[in-house]
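Heads up, the thing below is written out as structure tokens.
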Amino acid sequence: MNTTFDNDITINQMQLAYLDRIAADLPADQHYASAAGHGHSPAWVLGHLAIVGEMGCMLLGGEVTHREWIPVFGPGSSGKVEPDDAYTQESFLAAINTAYPKMHTLAAAADEELLARPHGVELLEDTPVKTVSQMTTLILTNHFAFHLSQLSSCRRAAGHAALF
């Protein structure tokens, strides 16, 4: 068992718990509304977290379950989401709560050869993040936290007090 990602997995587990608390207070009538400041709707943020979690699994040898979501929610997507019965908060949360635990398992089992490979994510090609290992850490920590803060701002804009 690889312990490289023990801290990253723990942080991501904490973030997943916060996500559930934040999502519980997101108003349904604002699901597709662009938020002030960052401009993304809760639908886009949730869909983006879901597809990036699945793409993280693919990076570690797993699969992407919702390939049809990539053009709308994948890295570099426009951020515009049209209402669609497939884009419910419940479907995104189910995908997130499936993808990230799978990613935890795949990361913990990954061998050093896989982790040392280039990540191949074109959008981040000219950044210091070069390897599968570094991309895994980014997805589980910084990336998730960044978008969690966007959802939190949507929650706060709806009039809810800080969670902590």
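Yes or no: segment 149-156 includes at least one residue that is in contact with a Cys (Cβ under 8 Å, 6 or more places away or on another chain) and either closer than 17 Å to Asn2 by Cα or in contact (Cβ under 8 Å) with a residue 60 or more places away in the chain (or both). Scanning segment 149-156, I find no residue that is in contact with a Cys (Cβ under 8 Å, 6 or more places away or on another chain) and either closer than 17 Å to Asn2 by Cα or in contact (Cβ under 8 Å) with a residue 60 or more places away in the chain (or both), so the answer is no. Here Ala17, Ala24 are screened, and the one residue that is under 14 Å from Thr88 (Cα atoms) and not polar (S, T, N, Q) is Ala24. A single entry from Phe146, Phe164 fulfils the requirement of being under 29 Å from Gly37 (Cα atoms), at pLDDT 95 or above and either β-branched (Val, Ile, Thr) or open to solvent by 90 Å² or more (accessible area, probe 1.4 Å) (or both): Phe146.
So that you can scan it fast, the table gives a plain yes or no per residue for (1) under 24 Å from Leu124 (Cα atoms); (2) part of a helix (DSSP H, G or I); (3) touching a Leu at 6+ places or on another chain (Cβ under 9 Å):
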| residue | (1), (2), (3) |
| --- | --- |
| Thr4 | yes, no, yes |
| His38 | yes, no, no |
| Leu49 | yes, yes, yes |
| Glu68 | yes, yes, no |
| Ser78 | yes, no, no |
| Val81 | yes, no, no |
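For segment 49-64, the condition holds for at least one residue, the condition being that it is under 23 Å from Thr4 (Cβ atoms), among the charged types (D, E, K, R) and at pLDDT 95 or above. For segment 71-87, the set of residues classified as out of contact with any helix residue (DSSP H, G or I) (no Cβ under 6 Å at 6 or more places or on another chain) and buried (at least 16 other Cβ atoms within 10 Å of the Cβ) consists of Val72, Ser77, listed by residue number.
All told, Val64 meets the bar of being closer than 23 Å to Leu114 by Cα, out of contact with any Leu (no Cβ under 9 Å at 6 or more places or on another chain) and not in a helix (DSSP H, G or I). Residue pairs whose Cβ atoms lie under 7 Å apart, sitting 6 or more positions apart in sequence or on different chains, and linking a residue in segment 69-89 that is closer than 17 Å to Ser34 by Cα and touching a residue at least 60 places away in the same chain (Cβ under 8 Å) to a partner that is of a type outside the set (Phe, Trp, Tyr) and not in a helix (DSSP H, G or I), are Gln89/Leu26; Gln89/His31.
One line per residue, one yes/no per condition, for (1) touching a Lys or Arg at 6+ places or on another chain (Cβ under 6 Å); (2) under 21 Å from Asp111 (Cα atoms); (3) of a type in the set (Gly, Ala, Ser); (4) surrounded by 14 or more Cβ atoms within 10 Å (Cβ to Cβ):
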{"position": "Met1", "(1), (2), (3), (4)": "no, yes, no, no"}
{"position": "Asp8", "(1), (2), (3), (4)": "no, yes, no, yes"}
{"position": "Ala17", "(1), (2), (3), (4)": "no, no, yes, no"}
{"position": "Leu49", "(1), (2), (3), (4)": "no, no, no, yes"}
{"position": "Cys57", "(1), (2), (3), (4)": "yes, yes, no, yes"}
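The values are calculated or read from the model by the stated rules, or taken from the named source; none is laboratory data. For clarity, every value in this text was computed on a predicted model and none was experimentally measured. Methodologically, a virtual Cβ is constructed for each residue, glycine included, from the backbone with ideal geometry; neighbour enumeration extends over all protein chains shown. Only protein heavy atoms, including side chains, enter the accessible area calculation; ligands, DNA and RNA are left aside. Shrake-Rupley method; radii C 1.70, N 1.55, O 1.52, S 1.80 Å.
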